[in-house]
Every structure is written in C-alpha cells, then in structure tokens.
1. Of A:Ala273, A:Ala50, A:Ala140, which has the largest mean-square fluctuation in a 10 Å C-alpha GNM of chain A?
2. Going by C-beta contacts inside 10 Å, put A:Leu14, A:Leu220 in order with the fewest on the left.
3. Based on the Cβ-Cβ distance from B:Phe214 to A:Leu213, what FRET efficiency comes out when R0 is 35 Å, to the nearest 0.05?
4. Treating only the Cβ atoms of Lys and Arg (+1) and Asp and Glu (-1) as charged, compute the dipole magnitude of region B:2-292 about its Cα centre; round to the nearest 20 debye.
5. Just name one of A:Gly165, B:Thr77, A:Leu221: the one whose Cα is farthest towards the positive end of the charge dipole of the protein assembly as shown (beta-carbon charges, Lys/Arg +1, Asp/Glu -1).
6. Pop a pseudo-label 7 angstrom from the Cα along the beta-carbon direction at both A:Leu280 and B:Ala104 and give the gap in nm to one decimal.
7. Could you state the angle between the C-alpha long axis of helix B:155-182 and the longest principal axis of the C-alpha atoms of chain B, as a value from 0 to 90 degrees rounded to the nearest 10?
8. Where in chain B lies the longest segment free of chymotrypsin sites (Phe, Trp or Tyr not before Pro) that are both loop residues by DSSP (not H, G, I, E, B) and have at most 10 other Cβ atoms within 10 Å?
Amino acid sequence: MNLWAYTIRRLLLLIPTLLGLTLIVFILSHVSGNNVILAEYLSPKLTGAARAIATQALIARFHLNQPIYVQYFYWLNAILHGNWGYTNTAIYSGPVTTAIALFLPNTLMLSVVAAILIWIIGVRFGVYSAVNRDSVSDHALRVGSFTLYAMPIYLIGVALIIVLGVYLKVLPISGVVSPTMVSGLSWYVNGISYPTHIIIIDAMLHGAWGVALNAAIHLLLPAITLALAIVAGLIRILRSSMLEVLDQDYIRLARSKGLSERIVYNLHARKNALLPVITLFGLTVAGLLGGAVVVETIFNYPGIGYWTTQALLDSDVGGIMAATLLFGLILVVANLLVDLIYAFVDPRIRY
Amino acid sequence: MNEERAKRWDNTKLSIRVFLANRTALVGLIIVLIYVADALIMQFDPGLLGITQVNTLVPNFTNPVPLPPSWAHPFGTTFPGVDLYTSILKAIRIDLFYSILVVAVGAVAGAVIGVVSATVGGLLDETVMRITDIFFSIPYLILALAIGFILGRSLMYMSLALALVWWPLYARYTRSQTLSTKEFTYVEAAKASGVSRTRIMFRHILPNALPPVFIQISLDLGSIMVIFSTLAFIGFIANAKVPELGYLTSLGLNYVQTAPWAVIFPGVAITVFALAVNLLGDGLRDVIDPRRRS
C-alpha cells in the first residue's frame with residue numbers, strides 16, 4: 001500500500017470515530033432529559049416570556065418531542081453548522097464558538113511550547129540515561145523520573161510555584177502578562193488581545209517586544225509544569241528503547257568499523273530508538289490536553305482548560321459539553337497526524 | 001498428589017524469595033500496608049489516633065489562616081483552620097476506598113467484557129473494539145469530568161465516572177491477553193486430545209490469561225488515586241467539607257506564597273502512595289513473569 005492509499009483508508013476510519021465521539025457527547029446531554037440540551041442552547045441573557053418563546057423554538061428546532069435517534073441528527077446538524085450553544089461562566093458568557101475562539105489559541109500555544117520542552121528534555125535525558133547505563137547519573141535520572149511519574153500534576157505545579165515563584169522569585173506565578181505592561185494598549189482590551197488572542201504573537205505583530213517578552217516569561221511556569229508531568233514516561237520508554245537498539249547487530253557493525261561513539265549514538269541508534277516514542281505521541285497529546293485543564297487552572301491561564309473548570313464550578317453544562325466535544329476533536333485529529341507521520345517514517349506500518 | 005503439593009509450595013517459596021530480593025518492592029509493600037492500616041483504623045476505631053469526626057473536615061473559623069507546623073499541628077493547618085495531620089489521616093481512607101471502587105468496578109466490567117469479546121469473536125468483538133475506540137477519542141480526565149458532571153458532583157459519582165472511563169482499557173488488555181493465551185501450544189494440545197471448548201476456556205486459558213490482568217489492575221490503583229484527587233483538586237466536589245487529598249490541596253492553593261506546607265503535605269501523601277504502588281508493581285512483575293526470575 002502506498003502512502004496515499006493508507007492516508008485515504010485512515011481518513012475513512014475517521015468517520016466512525018467522529019460519529020462515536022459526537023454520540024457520547026449527545027448521550028451525555030440527554031440522559032437526564034431535555035433540560036440539559038435546553039440549558040446548553042438557551043442564551044443566558046434571555047429572561048421571562050422571551051425565554052419561554054425561545055424554549056418552544058428550541059423544542060421545535062431540535063425535535064425534542066421525537067424519538068432520540070431523530071434528535072441526534074438534528075443536534076449533529078446544528079454542531080456541523082457551528083452552532084454549539086451557549087456558555088455562562090464567570091470568565092465568559094456568550095456563544096460557545098466565541099469562547100473557543102478566545103481560549104483555544106492560548107491552549108494551543110501552551111501545548112506547543114510544552115511539547116517542544118518534552119521533546120528536548122525527553123530525548124536528551126532518555127538517550128543520556130541509556131548511553132550511561134548504570135552510572136550514578138543514570139540512577140539519579142531513573143529515580144527522578146519514577147518520582148515525577150507518581151506525582152499528581154498539581155503537585156508539580158505548586159512545587160514549581162514555591163521554588164521558582166515564591167523563594168527564588170524568578171518567574172511570575174499567575175496570568176499571561178503583567179497588568180501594568182498592557183494598560184492603555186489599543187490591541188489589548190479587557191484581558192483579550194487582538195487579533196490572534198495569543199498575547200505573545202499579538203505583541204510581536206504590534207512590535208511591542210517588551211510585552212512579548214513579559215508574556216513569554218509568564219508562559220514558562222505553566223509550560224514547564226505540563227512538560228515535567230509528561231516527560232517522565234517518555235524518558236523511561238526512550239531509555240529502554242535505546243538500550244534495545246544499542247544491542248543490535250548494525251550498531252555492533254558501526255562500532256567495529258571504528259566509528260566514534262558519538263556518531264553511533266546520534267546517527268545510528270537514536271533515530272530507530274525514537275520510533276516507539278512516536279506511537280506514544282498520541283498518548284502524550286491526550287496527557288497534554290488533560291494536563292492543560294489542571295495547569296491552566298493553577299496558573300489562571302485563560303485557555304480551554306481554565307474555561308472548562310470554570311464551567312464546572314459554575315455548573316455550566318453548555319461549557320462542559322462543548323469542551324468535551326472540542327477536546328475529543330483535537331485528540332482525534334492529533335491521533336490522525338501521529339498515524340500519518342508514523343506511516344511516513346516507518347514504511348512497515350503501511351502494509 | 002503430595003508431590004504436586006510440594007512442588008507448588010516450592011514455587012510459592014521461590015516467588016516470595018524473588019519478591020523479597022527486590023528491596024524497593026519490599027519498601028513499596030510496607031508503605032502500601034501502612035496506608036491500608038490507616039484506612040482500617042479510620043474505619044473501625046478512629047479514636048485510636050485521637051480522631052472523632054472521620055467523615056468531615058473540622059474547620060476553625062476563629063483562626064482560619066494557615067498556621068505553620070507545630071507540636072499541636074504536626075503538618076500545620078490549612079484554610080479555614082483545618083488541621084492537616086488529622087485531615088490527611090482521614091482523607092487516606094476516603095481516597096483509598098473510592099480508588100478501590102473505581103478499580104473494582106472498572107476492572108471487573110472491563111475484564112468480563114474483554115474475555116467475552118475475545119471468546120465469542122466476530123461481530124461482537126468488532127463492536128466492542130469500536131466502542132472502546134470511541135472512549136479513547138476523548139482525553140480521560142475531561143470525559144470523566146463530563147460524565148461525573150451529568151451524574152452529579154459527589155465522590156460516589158466521581159468514582160463511577162472514572163470507572164466508566166477506565167473499563168475500555170481493561171477490556172482491551174484482557175482481550176489481548178486471552179487471545180495470545182489461546183495461541184499457546186498447550187492449548188492446541190488440549191484441543192487435539194479432545195478436551196471440550198468450555199473446559200479449555202475455564203481450565204486452560206483463563207487461569208493463565210487473567211493473573212497478569214489482575215496484577216496490572218491493582219497496579220493502577222496508584223495512578224487512579226492520583227487522577228481521583230486531581231478531579232477533586234480542580235473543583236469537582238461541591239461538598240466543601242469532605243476530607244479528600246486533592247480537595248485538601250486546593251484549600252491551601254490561595255496561600256501557596258505564605259503557607260507552602262498547606263499544599264505540600266496533602267500532595268506528598270498522594271505521591272508517596274502512588275510511588276509505593278509502582279515500586280510494589282515492579283516487584284510483582286518479577287514474580288509473575290518467569291522470564292525475569294532467573
């Protein structure tokens with residue numbers, strides 16, 4: 001099978017997954033009757049008679065008096081047309097789609113920076129640990145990653161806050177930017193930056209390099225927390241995978257040719273040791289997204305995760321359901337990309 | 001018969017020796033036992049450790065700001081004036097109970113579904129696998145949050161939601177274990193000598209396929225407790241007085257700059273347990289896997 005055929009087959013497999021994903025969210029908003037879906041789709045600003053009229057209109061629109069499988073298709077239709085209902089939380093009240101436009105860019109920024117950190121730290125230490133097998137630093141790294149692996153992500157977060165934010169005072173512990181830096185700016189209003197809603201990028205677009213630097217420093221603690229929570233698993237897997245590769249014949253051949261250890265490790269061994277790590281990248285994405293919920297909450301970082309916990313605290317079912325669907329979609333797309341990349345890197349997968 | 005019993009006893013002795021040879025696993029076992037002992041004392045005789053209200057945190061509103069560790073409060077206090085030492089002792093019982101509940105419900109359901117799916121095969125197997133796929137398409141923390149939110153924001157529903165998120169994992173693992181055991185030569189030999197299908201299933205396949213599954217499941221207890229406390233930490237529980245380690249940590253979050261102990265101690269209590277379970281697990285794997293015995 002060539003890469004194109006594989007890609008098309010993988011895309012077709014996406015259809016049942018997406019149907020299943022939407023079905024779960026739909027079932028969740030229907031197990032306790034119509035009130036949940038009404039709560040999702042009624043604008044919080046409507047009151048009194050207008051609310052009653054809107055309720056009747058919704059019942060007609062989603063065919064809420066018809067069998068449940070009929071309702072599913074009307075609901076799916078609304079979702080496909082970008083109508084995801086309303087959210088009503090302390091940090092944002094209005095259509096879900098606007099909330100996503102505001103919060104998702106921040107979460108993507110955080111996840112991308114964390115993913116880069118995970119890759120740099122994980123590969124470096126995983127390979128180092130395997131190459132210096134049973135040395136003191138290998139043992140220290142293994143104990144460290146074992147402990148990190150057992151820690152709840154919120155403890156990693158508060159530990160970093162206490163050490164880097166409170167005692168050493170080198171990093172800010174909350175928010176996305178210092179309020180004094182952004183007062184009176186035309187492109188930053190009420191805590192929202194324009195046009196991309198990611199303050200680092202917006203600041204660069206407007207040439208405000210000081211603000212961009214400040215925002216980057218604010219991003220560091222959340223990103224490091226997220227990275228440390230996930231990197232422990234990667235180090236352990238990469239270590240054992242590297243050890244396995246180093247035991248193979250072609251490595252022995254490379255060594256007997258008289259190549260330096262450095263070249264053997266970096267050019268011959270590392271690439272193949274990374275293969276099993278790529279398969280795990282899908283899991284890493286799931287970990288990143290789940291971790292983002294906790295990290296954003298601890299650091300008051302206005303992303304999708306922060307919005308989700310606010311929705312939980314304010315009993316806002318519209319926000320919870322939309323966030324579940326959104327996180328699911330991101331994970332499905334990420335898994336698709338991982339599979340395609342894997343097929344591209346390792347031809348054996350395609351057959 | 002006697003000979004067989006002696007052989008089995010030898011095997012057990014070897015298992016114990018292999019396990020004891022692993023010092024870290026032994027430490028893990030001891031720590032886990034301490035946690036279990038604490039939970040049992042809290043359940044049956046909390047007065048033994050001088051604790052009276054096991055099911056609720058005891059606030060002290062005359063002095064709500066966290067106090068540093070002292071003789072009266074060995075781990076200090078957290079907001080609102082809650083003594084951390086006694087609260088952690090109480091919380092361990094609750095966390096342990098609900099984590100075991102998650103593992104028991106999720107694992108039993110998953111294991112049964114996995115075995116049935118692997119045995120029956122065909123369309124049923126395919127359907128079950130697609131359903132597990134769907135569950136894997138949403139990050140588990142968020143799915144548990146959404147399910148729990150719909151069920152109701154209490155500890156019981158929180159653990160039920162986690163069990164609902166967890167069963168697909170065990171279903172898959174049990175299924176693959178059962179399928180790979182089916183392929184062994186001794187199963188083929190049993191088939192060739194005319195043993196009935198049900199007898200092969202219950203006498204030959206399941207006794208060998210299930211033990212690793214159950215080991216894996218009990219090992220997940222540490223991670224489940226971590227995720228359970230994480231859900232409580234981000235504000236899942238509506239009841240503000242329940243002694244739960246994640247919730248205890250969140251109480252001190254606003255005081256992290258002045259009272260680090262208020263977040264450190266409850267968090268460390270969870271980490272030590274998860275670490276101990278993982279260490280214990282490594283030792284148990286050595287015992288179970290004959291290839292690692294040498």
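1. Largest GNM mean-square fluctuation: A:Ala50.
2. On the way: A:Leu14 13, A:Leu220 16.
Lowest to highest Cβ neighbour count: A:Leu14, A:Leu220.
3. On the way: r = 54 Å, r/R0 = 1.53.
Result of the calculation: an efficiency of 0.05.
4. Details: 21 positive and 17 negative charges, 132 e Å.
That gives region B:2-292 a dipole magnitude of about 640 debye.
5. A:Leu221
6. Between A:Leu280 and B:Ala104, the label points sit 3.3 nm apart.
7. 20
8. Numbers: sites that count: B:Phe61, B:Trp71.
Result for the longest clean stretch: B:72-294.
Bear in mind that the values in this text are calculations on the coordinates, not laboratory data. Since this is a predicted model, take the numbers as computed values, not measurements. Don't worry about glycine lacking a Cβ; one is built from the backbone with ideal geometry, like all the others, and counts go over all protein chains shown.
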